[in-house]
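> If you scroll down you'll find the structure; I have some questions about it.
The values are calculated or read from the model by the stated rules, or taken from the named source; none is laboratory data. These figures come from a predicted structure and were not determined experimentally. Cβ placement follows ideal geometry from the backbone for every residue including glycine, while neighbour counts extend to all protein chains displayed. For accessibility, only protein heavy atoms count, side chains too; no ligands or nucleic acids. Shrake-Rupley method; radii C 1.70, N 1.55, O 1.52, S 1.80 Å.
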Amino acid sequence: MKLNDPRLFRQYAYIDGKWTHGSEGREEAVVDPATGEILGHCALLEAAQITETVTAAEGAFAEWRAINVHERAEKLNAWYRLLHEYKEDLALLMTYEQGKPLDDSRGEVDYGASFIQWFAEEAKRAYGVTIPSHIPNAALGTIKEPVGVSAMFTPWNFPLAMITRKAGAALAAGCTVIVKPANETPYSALALAELAERAGIPAGVFNVVTGDPATVSEVLCNDNRIRNISFTGSTRVGKLLMRQSSSSVKRMSLELGGNAPFIVCDDMDPDAAAKEAVAAKFQTAGQDCLAANRIFVHRKIYDVFVERFVVHMQALKVGNGLEGSDIGPLIHQRAVDMAKGIVEDGIQKGARQLGGGGQAPGENFFMPTLLADITPEMRVFREETFSPVAGVCAFDDDDEVIQLANDTEYGLAAYVYTHDVRRIWKLMRGLEYGMVSVNSVKMTGAPIPFGGVKQSGLGREGGAAGLDEYLDTKYYCLGNMPSASNS
Ligand SMILES: NC(=O)c1ccc[n+]([C@@H]2O[C@H](COP(=O)([O-])OP(=O)(O)OC[C@H]3O[C@@H](n4cnc5c(N)ncnc54)[C@H](O)[C@@H]3O)[C@@H](O)[C@H]2O)c1
Ligand SMILES: N[C@@H](CC=O)C(=O)O
C-alpha cells in the first residue's frame, strides 16, 4: 500500500496519546477483501489495557471539558482540514481494508470530515434555557454539560464516517472518547487518531482500542466511568450491548440495521425510477444500512420497471475498488454465503432470479441479483441482505404498500417515489421509519437527524440532535435571590 504519508498506516492501538501493542503481544490479521492478501495486523489488547484506556480518558475529561468551546472548535477544525489534506491517503486505506470503489472512499472521507466541521460549529450553540419561575424569588434555568467519557463501537461498512459522526459530536460537546472500530477495518480509525494528534487534540481525549470485540465491550459496558455508549452495527450486537450496559445505566445511542422499502407509484417513469432504485441499492455493494432492500412497484408499471432495473443493474461493473469498479467485494466469505442463501431461499419459495449470472471476479464478490415477485415469507423480505441482492414485488394501492413496507422489525429509512403531493403526505406519515426520502436517493448529511425507530435503534446522529446525545441537561434553581424572578 503506497501512501503519500506512510505514518497514516498504523497497526497499534492509540491510548492516551501513545501507540500501544497488546500487552500479551496478540494481534489479528487485516485482509484486503478484494484479493485476500494480508494488509497488516491490528493489536489485540487485553482487558486490563481497556481499563487503563478508560482511566486515561477519564483523566483527560476534566481538562477537555474546561477548554473554551471556541478553542475546542479550533482543534476540531484543524482535524477537519487534515482529513481534507490527506484525503487521497485516507481513501486508499479505506478501499484496501473495506473494498469499496476508490471514488466512494473519497466521498466517505468528505462525508466523514463534514461531521467534524458541523459539530465544531454546532457546539457553540449548545444553549440552555431560562425558565419563568413558579417559586418566589428564584431564578430557574438549564445549562448543557458534557456527559463524560463516551465509548463508541463502529462497523466495517463505513469505517471513517461512522466514527466522525459520533466522535465529532462527542468531542465538540466536551466529552472524551474511546473508539472500538470493527476488526475488519481498523486502519481508517487509527489514521484518524494520527491526524487527531497532529491537530493538537490532547492525549487521552481521542483513543482507539482494538481487540476481541466481546472482551472490549464487556469491559467498557461494565465500567461505571463510561457514561455513554454509542453503537453502530447490527441489531443483534446492539441488543447485547444494551444488556451489558444495564448494570451501570448508561446513556445509549444505537444505530442498528435497516430493511429499507423503496416505493414507486404509478405516476413515475419506470425507467427513471429503476435507475434511482439501482443507485439506492448497490452502493457499497449493498452493504449499507440505507440500501433499498425491498422494492415495491405499482402493478401498472411493474413489468417495465423490473426489465429496466435489470438493464441498469447489469451495467454496473463488479471488481476491485482500485480498478474503477462500481461494486467492490463483500467484506468476507460469510457475507457471500449469506447472499447465496437468501437467493436460494427466495427461488425455493417462488421468486424469479434476474441477473446474478456471470463469473464473479474473485471469492468475495457477488454478482448483483434481483429477486422478482418476492413475498413476506422470504428471507429477502425479512432480513437485511447487506449484499447486492434486491427484492421487488408489485402492489395495488397505497394502504397495501404501507402495510407491506411496515411489515418488518426494522424502521431506519424508506424511499418514496411519486409526484402526487397527497400520496407523498399519506405515505410519509404512514411509514414507520425514522427517515423518509421522497424522490431522492441522497438523504443523509451532517445537518440531518440520522436514526431509526423500532429495532433500528435509539437516538439520532448528526444535526442538533446528534450533539444532544453527548450533553446532559442540568436544571438549576437559584432560591432566595433578591428579586430574582426571571419570569
Ligand atoms: N443505522 C446505522 O446508522 C448503521 C450504519 C452502518 C451500519 N449499520 C448496521 O451495521 C451492520 C453491519 O455492520 P457490522 O457487521 O460491523 O455490525 P456488527 O454488529 O457485527 O459489529 C459492529 C461493531 O460491534 C463490534 N462487535 C461485534 N460483535 C460484538 C460482540 N459480541 N460484542 C461487542 N462488540 C461486538 C464489532 O467489532 C464492530 O466494532 C448492519 O446491520 C448495518 O445495518 C447501521
Ligand atoms: N450510508 C449510511 C451508513 C449506513 O450504513 C450513512 O450515510 O450514514
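> Sorted by packing (mean other beta-carbon atoms within 10 Å per residue), highest first, where do 309-317, 292-300, 133-141, 223-231 land?
292-300, 223-231, 309-317, 133-141
> On the accessible surface of the chain, probed at 1.4 Å, how many percent belong to carbon and sulfur atoms? Before the final figure, lay out the partial values.
Values: 9880 of 19030 Å².
So the carbon and sulfur contribution to the accessible surface is 52 percent.
> Pairing the Cα long axis of helix 333-348 with the longest principal axis of the chain, what angle in degrees results, from 0 to 90 and rounded to the nearest 10?
40 degrees
> Further question: For helix 186-198, what angle does its Cα long axis make with the longest principal axis of the chain, in degrees from 0 to 90 and rounded to 10?
40 degrees
> Related question: Would you tally the net charge around Leu171, using a Cβ to Cβ cut-off of less than 11 Å, leaving Leu171 out, and scoring K and R as +1, D and E as -1?
Every neighbour counted, the sum reads +4.
> For region 2-12, in order, what is each residue's ³J(HN,Hα) by Karplus, 6.51 cos²θ - 1.76 cosθ + 1.60 with θ = phi - 60°, in whole Hz (x at glycine and Pro)?
Using θ = phi - 60°, the values come out as 9, 9, 4, 10, x, 6, 7, 8, 10, 10, 9 Hz.
> Right, here's the next one. How large is the Kirkwood hydrodynamic radius of region 211-325, in angstrom, based on all distinct alpha carbon pairs? Could you put the intermediate results ahead of the total?
Working: mean 1/r = 0.0582 Å⁻¹.
17.2 Å is the Kirkwood radius here.
> What pairs from Lys75/Lys124; Lys87/Lys124; Lys281/Lys426; Lys317/Lys349; Lys281/Lys349 go past 18 Å between their alpha carbons?
Violating the 18 Å limit, Cα to Cα: Lys87/Lys124; Lys281/Lys426; Lys317/Lys349; Lys281/Lys349.
> For Cα pairs less than 8 Å apart in space and 6+ apart in sequence, what is the mean separation divided by the residue count of the chain, i.e. the relative contact order in percent?
It rounds to 19 percent for the chain.
> Give me the Debye-computed log₁₀ of I(q)/I(0) at q = 0.11, 0.13, 0.14, 0.19 Å⁻¹ for region 131-249, equal point scatterers on Cα only, no solvent, two decimals.
-0.42, -0.54, -0.61, -0.99
> Can I ask one more? Let me know the volume per residue of the alpha-carbon convex hull for region 258-365, in Å³.
It comes to 108 Å³ per residue, whole-number rounded.
> Shifting gears a bit: Just tell me the longest site-free run in the chain, where the sites are GluC sites (Glu not before Pro) in a DSSP loop having at most 13 other beta-carbon atoms within 10 Å.
Details: sites that count: Glu24, Glu37, Glu377, Glu409.
Maximal segment without exposed cleavage sites: 38-376.
> Mind ranking 155-164, 109-118 by how tightly packed they are, going by the mean number of other C-beta atoms within 10 angstrom, highest first?
Result, highest mean Cβ count within 10 Å first: 155-164, 109-118.
> Compute the whole-percent fraction of alpha carbon pairs in region 59-199 spaced more than 19 Å apart.
On the way: 5230 of 9870 pairs.
Within region 59-199, distances greater than 19 Å cover 53 percent of Cα pairs.
> With both bridge residues required to lie in the chain, what share of the DSSP beta bridges run antiparallel, to the nearest 5%?
Looking only at bridges with both residues in the chain, the antiparallel portion is about 40 percent.
> Near Thr55, within a Cβ-to-Cβ distance under 11 Å, what is the net charge of the other residues, with Lys and Arg +1 and Asp and Glu -1?
The answer is -3.
> Next question. With every protein chain kept in place and ligands, DNA and RNA left out, what is the accessible area per residue of the chain? Probe 1.4 Å, answer in Å².
39 Å²
> Among Ala199, Ala274, Leu471, whose Cα lies farthest out toward the positive end of the dipole of the chain, if unit charges sit on the beta carbon of Lys, Arg (+1) and Asp, Glu (-1)?
Selected residue: Leu471.
> Would you tell me the accessible area of Tyr86, worked out with a 1.4 angstrom probe on the heavy atoms of the protein chains, in Å² to the nearest 10?
Per-residue accessible area (Tyr86): approximately 50 Å².
> What is the P(r) of region 371-487, as percent of Cα-Cα pairs per 10 Å bin from 0?
Taking all Cα pairs of region 371-487, the binned fractions are 11, 32, 28, 12, 8, 6, 3, 0 percent.
> Can you list the trypsin sites (Lys or Arg not before Pro) in region 15-99 that are in a DSSP coil and have 16 or fewer other beta carbons within 10 angstrom?
Arg26
> For helix 161-173, what angle does its Cα long axis make with the longest principal axis of the chain, in degrees from 0 to 90 and rounded to 10?
Here the helix axis deviates by roughly 20 degrees.
> Would you mind checking the radius of gyration and Dmax of region 260-438 based on alpha-carbon positions, in Å?
Spelled out, the Cα radius of gyration and Dmax of region 260-438 are 15.4, 47 Å.
> Okay, moving on. How would you rank 473-481, 346-354, 208-216, highest first, on the average number of other Cβ atoms within 10 Å across their residues?
So the peptides 473-481, 346-354, 208-216, ranked by packing, come out 208-216, 346-354, 473-481.
> At 10 °C and 1.306 mPa s, what whole-number value in µm²/s does Stokes-Einstein give for the translational diffusion of the chain, with Rh from the Kirkwood sum over Cα pairs?
68 µm²/s
> Still on this model: Per DSSP helix of 4 or more residues, -39500 (n - 2.57); summed, then divided by the residues of the chain. What does that give at 222 nm, rounded to the nearest 500?
Rounded to the nearest 500, it is -12500 deg cm²/dmol.
> Just for region 260-438, what percent of DSSP beta bridges are antiparallel, to the closest 5?
15 percent
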